[in-house]
Amino acid sequence: MNFIFVGPPGAGKGTIAARVAQELSVPHISTGEIFRENIRGRTELGVKIKELLDRGELVPDHLTIELVKERLTHPDVQSGWILDGFPRTRAQAEALDEFVHIDLIFHLEVDDETVVGRLGGRRVHPASGRTYHVVHNPPKQEGIDDVSGEPLVKRDDDERDAIKHRLEVYRQQTAPVVEYYAAKDRLTQVDASRQMETVLAEVLDLIATRK
Ligand code: AMP
C-alpha cells in the first residue's frame with residue numbers, strides 16, 4: 001500500500017511516517033531527508049539547494065518531482081512506500097497522480113503555536129535522521145544520540161525566523177495541496193496536536209481498517 005502524509009512543518013510527518021514504515025516494512029521516503037543527505041555529501045544538487053533549505057524555501061518543482069519519480073523506480077518500493085514531505089505544491093500533487101496510485105492521504109492537522117514549540121525544541125542526529133525534543137522526547141543524555149553516541153544538532157531551518165517563514169510558505173504553497181485532495185474527498189484527517197504515540201496508534205488503526 002502507498003501512503004502520503006501532508007501537514008505543516010512540525011505536524012509530526014517525519015516521526016509518524018518513519019514509525020509506520022517500520023511497522024509495515026516499507027521504505028520511508030522523505031524528500032527533506034534526501035535533500036539534506038545531498039547537502040551533507042556536497043553533491044551538485046546539494047550545493048544548489050543548500051541556501052533554499054536554510055531559509056525554509058521550497059526546492060523548485062522540476063527538481064523535486066524528478067527526484068521522487070526516480071526514487072519510486074527503486075526495487076524496494078514494490079510492496080509499498082510512504083512519502084513524507086511530498087507533495088508540497090499543487091504541481092507536485094498533480095504530477096504524483098500521473099505516475100502512481102495513492103491508497104491513503106493523511107492530513108496531519110496542528111495549530112501554529114504547537115508547531116513553533118515542537119520545532120524550536122527539536123534536535124536531530126544528522127546521519128540517521130533520528131529526532132528528539134528537548135522537553136517531550138529528550139535523549140538519555142542531553143545533546144547525544146541514544147543509538148550512536150554522536151552529538152545532536154538543531155536544524156538551521158528550526159531557528160525561530162525560519163520556522164515562521166516555513167509556516168508562511170506552507171500556507172501559500174502547500175495549503176493548495178490540501179485543498180486539491182479535499183476537493184476530491186481523498187483526505188483522511190488526523191488531529192496531530194495530540195501525543196505522537198496517540199497519533200501513531202490512530203494512523204495504524206486507519207491503515208488496518210483499510211487493508
Ligand atoms: P522537511 O524535512 O520535510 O521539513 O523538508 C525540509 C526542507 O526541504 C523544506 O523546507 C524544503 O526546503 C525542502 N523540501 C522538502 N520536501 C520538499 C518538496 N516536496 N518540495 C520542495 N521542497 C521540499
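Annotations for the structure displayed:
- Residues in region 167-179 that are open to solvent by 30 Å² or more (accessible area, probe 1.4 Å) and not acidic (Asp, Glu): Tyr170, Arg171, Gln172, Gln173, Pro176.
Residue by residue, here is whether (1) within 11 Å of the ligand (Cβ to nearest atom); (2) assigned to a helix (DSSP H, G or I) holds:
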residue: Lys140; (1), (2): no, no
residue: Ser148; (1), (2): no, no
residue: Ile163; (1), (2): yes, yes
residue: Arg166; (1), (2): yes, yes
residue: Gln173; (1), (2): yes, yes
residue: Pro176; (1), (2): no, yes
residue: Asp185; (1), (2): no, no
residue: Thr188; (1), (2): no, no
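- Unmet criterion (only one of (1) within 11 Å of the ligand (Cβ to nearest atom); (2) open to solvent by less than 30 Å² (accessible area, probe 1.4 Å)) for Gly46: (1)
- Looking only at residues in region 94-111 that are touching a residue at least 60 places away in the same chain (Cβ under 8 Å) and among the charged types (D, E, K, R), the one that is nearest to Lys154 (Cα to Cα) is Asp111.
- One residue stands out in region 180-190 among those that are in contact with a strand residue (DSSP E or B) (Cβ under 6 Å, 6 or more places away or on another chain), open to solvent by less than 90 Å² (accessible area, probe 1.4 Å) and not aliphatic (A, V, I, L, M): the one that is farthest from Val20 (Cα to Cα), namely Tyr181.
- Close pairs from region 114-140: first polar (S, T, N, Q), partner modelled with pLDDT under 95 and open to solvent by 70 Å² or more (accessible area, probe 1.4 Å), Cβ under 8 Å, at least 6 apart: Thr131/Asn137
- Within region 49-66, tally of residues that are in contact with a Phe, Trp or Tyr (Cβ under 8 Å, 6 or more places away or on another chain) and either at pLDDT 95 or above or surrounded by fewer than 16 Cβ atoms within 10 Å (Cβ to Cβ) (or both): 3
Listed here are the residues, each with its yes/no results for (1) of a type in the set (Gly, Ala, Ser); (2) at pLDDT below 95; (3) surrounded by 17 or more Cβ atoms within 10 Å (Cβ to Cβ).
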{"site": "Arg88", "(1), (2), (3)": "no, no, yes"}
{"site": "Gln92", "(1), (2), (3)": "no, no, yes"}
{"site": "Ala95", "(1), (2), (3)": "yes, no, yes"}
{"site": "Gly129", "(1), (2), (3)": "yes, yes, no"}
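- Candidates Glu113, Glu98, Glu66: the one that is over 19 Å from the mean Cα position of the chain (by Cα), closer than 20 Å to Val6 by Cα and not hydroxyl-bearing (Ser, Thr, Tyr) is Glu98.
- Residue in region 5-37 that is farthest from the chain's Cα centre (by Cα), counting only those that are more than 10 Å from the ligand (Cβ to nearest atom) and charged (D, E, K, R): Glu23
The values are calculated or read from the model by the stated rules, or taken from the named source; none is laboratory data. Bear in mind the structure is a predicted one, so any value in this text is a computation, not a measurement. Virtual Cβ from ideal backbone geometry, glycine too; neighbours counted across all protein chains shown. Areas reflect the complete protein model, heavy atoms only, side chains present, ligands, DNA and RNA absent. Shrake-Rupley method; radii C 1.70, N 1.55, O 1.52, S 1.80 Å.
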